[in-house]
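Visitor: Please find one structure pasted underneath; my questions will follow.
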Amino acid sequence: MPHLSLRLLGPFRGALDGEPLDGFRSDKVRALLAYLCVECQRPWPRETLAHLLWADFPETNARSNLRNALSNLRTVIGDRRADPPFLDISRATVQFNDGSDWWVDVRAFLELVPEGDRDEGHLSDEDVDRLEEALALYRGRFLEGIAVDSAPFEEWVVTTAEGLRRKLLRTARRLALAHAASGDLTASTEVTRRWLALEPWDEAAHRHMMQLLALRGQRSAALAHYQACRRAL
């Protein structure tokens, strides 16, 4: 059974049985694969997918483009020889088959990140390991570098990317505070730097960094960071 793996956090990367996916005719075919993977919970009407990627085209042309994109996509991911296939395709709908052998970093990231605002300073070792793994999965902004000239698709990307970024910020904050609570100030400092890189105007992140520097005996660095915080805010 072929195994399909996709990385959508950062630049698009895909592999089939460990070999890089090759043969995409355009970014719209990559975009179609990404959308079907992330939104795999339900079948999507063909007209919805056609409008998503070819919003400015006449309906007949858009549906024709979708058929061609699906044909190319099935070839690239080896769908015709996969058992079960990666795509469930009918005359009316298309859905990514959740029962096939596949992995995507977005879903793995979401499964690792807990919902809600759990007590951030008192996490179990297992929770910390999960958050570390989630942070490592996040290589960059969702679908970074994919250019698709279609407003509905771009709107979906922006909305999805912002939701993922907010979860990443919450993950970094939880992890920074958990490491500090356990006494691992070095690890907390490293995570806080990433927290600040994601949200340079977050006063809580600046405050935490100043506290860490002070606890590590770096008073001058803490004062310098205070000045940097004032400028940022």
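The values are calculated or read from the model by the stated rules, or taken from the named source; none is laboratory data. What you are looking at is a predicted structure, and each value in this text was computed from that prediction instead of being measured. Note that we place each Cβ from the backbone using ideal geometry, even for glycine, and neighbour counts take in every protein chain shown. Areas reflect the complete protein model, heavy atoms only, side chains present, ligands, DNA and RNA absent. Shrake-Rupley method; radii C 1.70, N 1.55, O 1.52, S 1.80 Å.
Visitor: When residues of the range 46-83 are filtered for being open to solvent by less than 40 Å² (accessible area, probe 1.4 Å) and more than 19 Å from residue 150 (Cβ to Cβ), how many remain?
Guide: Matching residues across the range 46-83 total 5.
Visitor: Another one. Give the residue, chosen from 156, 103, that is on the phi < 0 side of the Ramachandran plot, among the hydrophobic types (A, V, I, L, M, F, W, C), exposed (fewer than 15 other Cβ atoms within 10 Å of the Cβ) and outside any loop (DSSP other than H, G, I, E, B).
Guide: Values: 156 fails: exposed (fewer than 15 other Cβ atoms within 10 Å of the Cβ).
Only one candidate qualifies: 103.
Visitor: Right, something else. Pull up the range 16-45, narrow it to residues that are basic (Lys, Arg) and in contact with a helix residue (DSSP H, G or I) (Cβ under 8 Å, 6 or more places away or on another chain), then point me to the one that is most open to solvent (accessible area, probe 1.4 Å).
Guide: Selected residue: 25.
Visitor: Considering only the range 85-109, state which residues are touching a residue at least 40 places away in the same chain (Cβ under 8 Å) and more than 16 Å from residue 49 (Cβ to Cβ).
Guide: Matches in the range 85-109: 98, 100, 101, 102, 103, 104, 105, 106, 107, 109.
Visitor: Just checking, does the range 215-230 include any residue being in contact with a Phe, Trp or Tyr (Cβ under 9 Å, 6 or more places away or on another chain), of a type in the set (Gly, Ala, Ser) and either open to solvent by less than 40 Å² (accessible area, probe 1.4 Å) or within 30 Å of residue 111 (Cβ to Cβ) (or both)?
Guide: no
Visitor: Return yes or no: is residue 193 assigned to a helix (DSSP H, G or I) and in contact with a Gly (Cβ under 9 Å, 6 or more places away or on another chain)?
Guide: No; evaluated as a whole, the condition is false for this residue.
Visitor: May I ask you to list pairs of residues, at least six apart or on different chains, whose Cβ atoms are under 6 Å apart, with the first in the range 181-195 being under 13 Å from residue 131 (Cβ atoms) and touching a residue at least 12 places away in the same chain (Cβ under 8 Å) and the second being in a helix (DSSP H, G or I) and of a type in the set (Gly, Ala, Ser)?
Guide: 188/176; 188/180; 191/172; 191/176; 194/172; 195/172; 195/176; 195/205
Visitor: In the range 44-70, how many are outside any helix (DSSP H, G or I), of a type in the set (Gly, Ala, Ser) and within 14 Å of residue 33 (Cα to Cα)? Spell out how you get there, then give the answer.
Guide: Taking the range 44-70 first, the residues outside any helix (DSSP H, G or I) are 44-45, 54-58.
If we keep only those that are of a type in the set (Gly, Ala, Ser) as well, we get 55.
From what's left, within 14 Å of residue 33 (Cα to Cα): none.
So the count comes out to 0.
Visitor: Considering (1) open to solvent by 40 Å² or more (accessible area, probe 1.4 Å); (2) closer than 20 Å to residue 25 by Cβ; (3) over 26 Å from the mean Cα position of the chain (by Cα), say which one residue 92 fails and leave the rest.
Guide: Checking residue 92 against (1) open to solvent by 40 Å² or more (accessible area, probe 1.4 Å); (2) closer than 20 Å to residue 25 by Cβ; (3) over 26 Å from the mean Cα position of the chain (by Cα), the one that fails is (2).
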